[in-house]
Structures are given as structure tokens and as C-alpha cells.
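Input: a single structure, listed below in C-alpha cells.
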Amino acid sequence: MKYKSVLLAAIVLLNSPHCVAGEPLPTVSAAMRTLFSPASVPARKTMGLLQRNFLDVAGQKGELEIAIVVDGTESMADELAGVRQSINRMIADLVRLRGDSVRVALVIYRDSGSPSGDVETPLPDFVSDPQIIEKGIERLQPESGAPFFYELMDVGLHEAITNLPWSEDPSVAKWILLFGDAPPYEVAYHDEAFPDAKRRFADELLISLASRRGIQIHCVLCSSTDKTKESYQQSIGQTRRVMDRLASQTGGMVLDLSYPVIREALAGVTNEPQLEYTSIEPISEIDVTRYQKKNDNDQVIRIAVLPHEPIETMGFGPDRTSTQVATALAAQFRTMPGVRVKSVLDVEKQVRRMRAEGLSGSEAIRGLAGRMRVDYIVWGRIQESPAITSVAFRRTDGRPIIRVAHNGSPDGLADVVLTAAASSPEQDAVFSQFAKRMLRSTTKTQWLSSLSSDPPLVKNLLTSMGALEQSLGLEIGSAESDRMLAQGKAAATLAIQMEPAHPIANWLLANIAYNQALAAFNRGESESASDAMKLCRSSLRLADQNKNKIQSSALRSEIEADYRLIVRKEFDEAIGIYETMTDPSMPDDSQARGHWMLAGLYAGDWGMDATRVDPERSREHVVALMANWPDRPETELLRRWLRWDDATKSTRHNHLPRLNDVLVGIE
């Protein structure tokens with residue numbers, strides 16, 4: 001979730017797990033919509049670890065029988081609404097994961113003395129028809145009973161294990177999915193006023209019965225109502241112990257929604273329409289290796305650019321001059337064919353680690369280069385005169401191979417570095433040959449200052465570019481992401497005030513507005529999202545009208561492709577331009593973004609007409625990203641969606657989500 005010259009193709013990638021407006025869901029409803037959906041998992045690390053576990057359990061192919069066993073008491077009132085709301089969505093996700101039949105039964109347990117009895121079975125048979133399931137789920141209404149707060153969980157589980165018509169076929173997977181907020185009664189509990197309120201089946205018996213039938217018990221520890229908060233907190237430890245025991249001894253999993261960090265991770269999941277998916281053929285390591293051999297390029301140079309200040313004080317704020325020098329250098333290098341540049345967030349992460357470990361000098365350079373898997377690190381300082389000094393260090397020994405001083409705009413520094421490298425072949429022959437090749441090419445690296453000699457304008461452009469790049473690595477809608485987007489928007493707006501038709505300023509503003517539209521949709525702010533999309537289109541229109549002022553042909557092509565797609569909805573024309581971007585002669589980042597956009601378009605995303613969908617061609621572009629750009633965030637996201645399995649070296653969930661259809665249709 002990060003990168004460089006930041007285009008719509010890149011932006012849409014990382015910040016769009018939930019792209020349709022809607023009201024936030026009850027916690028359990030949000031969990032059900034993400035438990036088995038690689039495309040909807042929240043980005044928070046804690047939830048992500050749990051998510052991968054549940055997806056691993058669910059991802060085996062074949063038929064599945066699930067008994068939904070739910071606490072139907074008053075303390076579960078909010079969460080019962082969530083179960084009713086999301087059960088069919090969850091089942092659809094499971095069907096996609098498993099590629100076969102998923103059949104559901106429903107058991108509701110309550111308090112002793114509830115009007116509907118201790119246990120109710122609205123779906124006594126395993127069924128797959130969504131309408132029948134929905135009708136049965138309507139019975140999932142809260143009822144009060146007594147005593148308060150422990151429930152007849154053991155009775156509900158026993159009913160599901162022993163009285164539902166489970167298949168005798170050992171190839172059919174069998175699950176119980178238990179939802180509850182309270183534990184069963186203690187074995188020693190007794191109340192003469194409520195003689196039936198007691199523990200009837202021991203955990204050991206339930207585990208034994210389930211194991212004999214091959215049933216895994218998965219548990220979701222739900223939140224409770226405000227009225228029962230005190231009782232909930234008093235008993236939460238016991239509830240956890242019971243659920244952990246039931247799950248661990250039957251091969252199941254537990255999702256504990258009582259933890260604030262998990263509830264926070266689910267807070268942004270909204271009541272959005274169900275995503276559409278396009279199926280592609282599985283992808284294996286053989287496919288990836290075959291593509292690598294077919295398109296092998298041994299002339300790729302990998303570079304990381306650091307803010308130009310000492311490691312001890314190094315910061316990454318996009319408005320810092322030292323960061324702007326790095327932003328300009330990285331952006332310029334990315335316009336060159338055969339160059340791959342690490343994102344600023346990857347650099348920041350490794351710098352922080354290096355500082356924590358106390359590394360310095362050549363040892364630090366080798367460490368940074370090795371961790372980021374780059375060939376060279378460009379780093380330097382800013383001082384009175386000359387204004388900027390940049391040094392290129394090589395990975396092998398951490399030694400400096402090029403040292404140059406520069407008095408002008410940071411935007412022209414890449415040419416200075418290349419010229420120095422080309423004239424010093426004895427220092428590093430590989431880098432020297434690369435520099436000569438770049439200087440002979442038609443690539444122009446001064447693509448910001450070529451449009452303006454106004455230092456304040458260039459400074460605002462670099463601030464906007466840096467803020468946008470950093471926002472892409474943050475969770476969409478988070479406070480830090482919103483802050484970075486706001487900073488980037490303010491800087492781009494200032495640049496446009498200085499020069500209203502500036503193509504790069506308008507291109508940056510279009511990207512920022514798209515990301516702000518995504519964040520607004522996720523919060524259910526439809527009007528704000530609509531306003532942001534209008535700004536995106538108007539800015540992209542101005543960028544396209546003035547794109548010929550830009551020296552980088554790759555950037556001109558991308559602006560036109562995005563304009564054709566987002567503004568004019570001319571799909572064939574946009575596809576044609578994205579195809580040219582994948583040519584090996586194009587800059588590395590342009591190739592990657594072209595493949596990313598084409599993978600989505602051929603899968604039917606972006607409002608593409610169904611007649612244009614071509615899963616085979618979509619798959620080709622996915623394979624290209626996996627083969628040539630394994631470390632890019634686009635590939636990271638594709639691996640998550642497609643459930644890449646490191647053990648089998650193949651994909652397990654071969655469905656690409658269509659994330660942008662609704663958003664690009666908003667006027």
C-alpha cells in the first residue's frame with residue numbers, strides 16, 4: 001500500500017477493500033462478512049492474523065455442512081440482527097472458497113424458561129437454498145428467560161451434534177459455528193428457584209461426541225448489550241476458556257470480538273452491496289516461472305532513495321526539504337526503463353529498524369540494501385553551498401561509488417547523478433553503463449522543473465506527491481491516512497493556484513480526490529464521496545488537456561488512459577493505452593500499473609460491460625505481476641485475494657473482486 005509516482009492504477013489498488021457507501025454494521029455482522037472473504041479482510045494486523053487462520057480452515061475444497069448454533073437471549077439482541085443480516089453473504093463467500101456445496105442448519109439456544117423453550121431448531125435439515133435459509137434465520141429473535149446471565153450453550157451444542165442429520169460421508173466437512181456472549185453454567189451451579197438452569201452436558205462429552213462425528217467447533221465470542229456490560233465482563237474469562245477448549249480440541253478456531261483491537265478493525269465495514277467476482281484459472285509456481293523465463297530482463301537496476309539528512313535525525317514528513325529531495329529523485333528514476341525504486345514506506349520501515357539496532361556507516365548501508373533487496377542506495381545531505389550533495393552506495397560493500405554536488409532544483413538532481421556515474425566507470429561498471437544508457441535515451445528526468453522554474457510551485461508538487469505516496473501505505477480512512485491526503489490536497493491546490501493548468505498538479509489532485517472518495521464511501525458519507533469524485537474527474541480532465549507539456553511519455557500515456565477510463569468511460573481506448581504501458585521498453589512502474597489495470601478491466605471491474613470480460617487475459621496480467629513484481633503491493637494484494645499457498649505454490653481462491661464498479665459510476 002504504497003509507491004511512487006502514484007497513479008490511479010496504483011491508488012485504487014491498496015485503498016479499496018470496502019468501496020461502497022453504507023452504514024457501519026454490528027460487530028458480528030462485519031466479522032461474518034470478512035471471515036471468509038479475502039477481498040474484505042480489514043487491514044489491521046491482529047484481524048489479519050485471525051483472518052488467515054479462518055481462511056486456511058475454510059479453504060479446503062469439497063462439500064461442507066455447517067450448523068449455526070446461536071445464543072438467542074436478550075443480551076445478544078444487537079448481534080442477532082447482525083447474524084440475520086450477513087449469514088447469506090458469509091455462505092456465498094464459503095461457496096466461492098470451497099468451490100462446492102455448502103449446506104446450513106440452525107440451532108438457537110436460550111435461557112431456561114424462555115417462551116420458545118431451551119432450544120429451537122428453525123432449520124432442522126442441512127439446506128443450501130438462500131431463501132430457505134433466510135426464512136429460518138427470521139426465527140433468530142431475542143427472548144428473555146431466567147436466571148441471568150449464564151446460558152444453555154451446552155444444550156444447544158448437544159442438540160446440534162446429536163440430532164441434526166449429519167452426513168455419514170467422511171469426505172463431507174462438518175462444522176459447528178457457535179455465536180455467543182456468555183458461558184454455560186458451571187457444573188456445580190444450582191438454584192432451587194430455577195431447577196432446570198444447570199449444566200447438563202460436560203465439555204468433555206461434547207468434545208467427544210463432536211470428534212466421533214468429525215465435527216469441528218468454531219466459536220465467535222460476541223459483544224453484549226450495554227445493559228449486560230457488567231455481567232459480560234465478569235464472565236468473559238470463563239466464556240473464553242470454554243470456547244478455547246471446544247475449538248482447540250475439535251480442530252476449530254475462535255474469533256474473540258471482545259477485544260477492542262478486533263472491534264476497531266471491523267468498525268469500518270459497512271452495509272455495502274455484495275461484491276461481484278470473476279473466476280480465473282488457478283495459478284501455480286510453474287506459470288510464474290514460465291513467464292519469468294519468457295520475459296527475463298537482466299538489466300534491471302534496483303534503487304532505494306533516502307531523505308537527505310543524517311540517519312539519527314531522518315524524518316519522512318512530505319513537507320521536509322530532505323524528503324522532497326528523495327521524492328524528486330525517486331520520481332525521476334521511476335521514469336527510466338529498467339529501474340525499480342523502493343517505496344518511501346519500505347525505506348522508512350528499514351531505517352527505523354536500523355536505528356533501533358544501532359547500525360552505522362557501511363554496515364548500515366549494506367544492512368539497508370540487503371533488507372530492501374536493492375542494488376544501490378542514494379543518500380546525501382543539504383547544506384549551504386552547494387545546496388544538495390547526493391551519494392550512491394552499492395550493496396555489495398556499502399562503499400560510495402558516486403558523489404555529486406548540485407546547486408539547482410532537486411528535480412534536476414537525477415541528471416547530475418547519471419552524468420557523474422557515466423563519467424566514472426572505474427567506480428562501478430554496472431551503474432556507469434546504466435547511466436550512459438539512460439543519458440542516451442529519450443528519457444527526460446527533469447519532468448517537474450521543465451514545466452515551471454518557480455521553486456515554490458515545485459516544492460508544493462513534491463509535498464503533494466510525497467504525501468500521496470505515504471497515504472497509500474496506510475489503512476484507508478485512518479486518521480493518519482486522512483491527514484496525509486489532506487496535506488497532499490492542500491499542497492496540490494496551492495500549486496494549481498500558482499498555475500491552474502499545471503498537468504502534474506491536477507494529476508496529483510485527481511489521485512488524492514479518488515482516495516478521499518474511497519474513505520468517504522467507507523464511512524457512509526455519500527455526499528462527500530460524490531464531491532470527491534467530481535473533483536477527481538475535473539482534475540483529471542485538466543491534466544489530460546495539458547499532458548503534452550510533460551516530457552515523460554509514460555506519464556502522458558497513463559494520464560490519458562485514466563482520463564479515458566474514469567471520465568469518458570471509453571473502455572476500448574483505455575485498454576489500448578494500458579496495453580502499450582506493458583511494453584518492456586516502458587518504465588518499470590508504468591509496466592506494473594498497466595498490468596494491474598488490465599487485470600482488473602479484463603475481469604470486468606471499473607464498470608466494464610460483461611461482453612468485454614476475458615478471464616484468460618485477466619489471468620495473464622495477474623501472472624505477469626506475480627512473476628516480475630513479486631514485492632509490489634499490487635502483487636501482495638493479488639496473493640491475498642487469490643489465497644496464494646506457500647506450501648503448494650499455487651492459488652486456492654481463484655476469484656478476482658470487482659471493487660471499483662460502483663465508485664466510478666457515482667456522478
Descending semi-axes in Å of the stretch 298-440, equivalent ellipsoid built from Cα gyration tensor | 21, 18, 14
Given R₀ = 45 Å, FRET efficiency for residue 212-residue 290 by Cβ-Cβ distance, to 0.05?
-> 0.45
When only C-alpha pairs under 8 Å and at least 6 residues apart count, what is the relative contact order of the chain, in percent?
-> 16
What is the order of 204, 667, 120, 264, fewest Cβ neighbours within 10 Å to most?
-> 667, 204, 264, 120
Length-normalised contact order for the stretch 180-264 - Cα pairs under 8 Å, 6+ apart - percent = 36
So the FRET efficiency between residue 609 and residue 163, C-beta based with R0 = 45 Å and rounded to 0.05, is 0.35
Exceeding the 26 Å Cα-Cα cut-off - candidates 459/549; 342/489; 459/547; 489/549; 534/569; 61/349 | 61/349
Considering only the stretch 298-440, what is the antiparallel percent among its DSSP beta bridges, to the nearest 5?
-> 70
Fewest Cβ neighbours within 10 Å first, please rank 355, 33, 593 accordingly.
-> 355, 33, 593
Separation of the residue 171 and residue 568 label points, Cα + 7 Å toward Cβ, nm | 5.4
Express in % the proportion of alpha carbon pairs of the stretch 455-665 at distances exceeding 26 Å.
-> 37
With just the Cα atoms of the stretch 125-252, tell me how far they stretch along each of the three principal axes, in Å, largest first.
-> 43, 34, 25
What the Cα atoms of the chain span along the principal axes, largest first and in whole Å, is 93, 57, 48
Sequence of 489, 342 once ranked by neighbouring C-beta atoms within 10 Å, starting from the fewest | 489, 342
Extension reserve of the residue 389-residue 279 stretch, reckoned as 0.36 nm per residue once the Cα distance is removed | 34.4 nm
How high is the FRET efficiency between residue 357 and residue 144 when r is their beta carbon distance and R₀ equals 45 Å, given to the nearest 0.05?
-> 0.20
Give the Debye-formula value of log10 I(q)/I(0) at each listed q (0.09, 0.16 Å⁻¹), with one equal scatterer per alpha carbon of the stretch 25-269, two decimals each.
-> -0.34, -1.17
How many angstrom lie between the C-alpha centres of the stretch 68-112 and the stretch 181-242?
-> 18
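Read the figures in this text as sums done on the coordinates, not as results from a lab. Owing to the predicted nature of the structure, the values given are computational and were not obtained by experimental measurement. Note: ideal-geometry Cβ built from the backbone for every residue, glycine included; neighbour counts use all protein chains shown.
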